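Working notes, beginning with the structure itself.
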Amino acid sequence: MQSNKDKGKQGEDLAAQYLLDKAYQILERNWRYRHAEVDLIASKGNRLHFVEVKTRYSVRYGMPEESFNRDKMRSLKLAAEAYQLAHPEWKYLQFDIVSIIMLNDAVQEIRLFEDVYF
């Protein structure tokens, strides 16, 4: 049985490959600022994407993206601000979610929710 950490890493690996297949460039994985962590920081064109990866092995308690809340958004904003200060060449930012559903250790669905800022 996989640990939650292993499941999270598997989801992040799948999300990174999904984004690469859609012509994104992965700049950072598990980037940390204080207590905030960004699963993936990617770029496409002139836009920097802060990506939260949500993976579920059952939809019994809802869809993966439904667990993204105000606290996580606040944390992503804080991390994005710090990242942008360190990398001022990025003028355009976007917050995204990659939602992954796994059933019986097989990918059932991967969806990208773009521009989820709130």
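The values are calculated or read from the model by the stated rules, or taken from the named source; none is laboratory data. Quantities reported herein were computed from a predicted structural model and do not represent experimental measurements. Positions of Cβ are generated from backbone atoms using ideal geometry, with glycine treated the same way; all protein chains shown enter the neighbour counts. Surface areas here come from the heavy atoms of the whole protein model, side chains and all, with no ligands, DNA or RNA. Shrake-Rupley method; radii C 1.70, N 1.55, O 1.52, S 1.80 Å.
Starting from the Cα coordinates of the chain, work out the convex hull volume and express it per residue in Å³.
Values: hull volume 12.0 nm³, N = 118.
Looking at the chain, the number lands at 101 Å³ per residue.
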message = Can you give me the C-alpha center-to-center distance between segment 51-118 and segment 12-48, rounded to a whole angstrom?
response = 10
request  = Convert each backbone phi in segment 26-40 into a coupling constant with the Karplus relation 6.51 cos²θ - 1.76 cosθ + 1.60 (shift: θ = phi - 60°), then list the ³J(HN,Hα) values in order as whole Hz, x for Gly and Pro.
outcome  = 7, 9, 8, 10, 6, 6, 10, 9, 6, 8, 8, 10, 10, 4, 9
note = Tilt, helix 70-86 to longest principal axis of the chain (alpha-carbon atoms), in degrees rounded to tens, equals 40
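Specify whether the C-alpha gyration tensor of segment 35-99 places it in the rounded, prolate or oblate class, a ≥ b ≥ c being the square roots of the eigenvalues: rounded for a/c under 1.5, otherwise prolate if a/b is larger than b/c and oblate if not. Don't skip to the answer; put the middle values down first.
On the way: a/c = 3.11, a/b = 1.94, b/c = 1.61.
Taking the square roots of the gyration eigenvalues as a ≥ b ≥ c, segment 35-99 is prolate.
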query = Taking amide hydrogens as modeled 1.01 Å from N in the peptide plane, which residues meet the under 5 Å criterion relative to GLU109, leaving out close sequence neighbours?
reply = ILE101
request  = Please give the peptides 14-21, 45-52, 69-76, 82-89 ranked by average Cβ packing (other Cβ atoms within 10 Å per residue), highest first, as a rough proxy for protection.
outcome  = 45-52, 14-21, 69-76, 82-89
query = Considering only protein heavy atoms, what per residue accessible area in square angstrom results for the chain with a 1.4 angstrom probe?
reply = 61
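For the chain, which whole percent of the accessible surface, found with a 1.4 angstrom probe, sits on carbon and sulfur atoms? Don't skip to the end; give the middle numbers.
Values: 3410 of 7210 Å².
Taking all protein chains in place, the chain shows 47 percent carbon and sulfur surface.
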ask   = Spin-label point model (7 Å from Cα, Cβ direction): what's the GLU114 to GLN2 distance in nm?
value = 2.7
note = Scalar couplings 3J(HN,Hα) for segment 7-17 by Karplus 6.51 cos²θ - 1.76 cosθ + 1.60 (θ = phi - 60°), nearest whole Hz, x for Gly and Pro, are 5, x, 5, 4, x, 5, 4, 4, 5, 4, 5
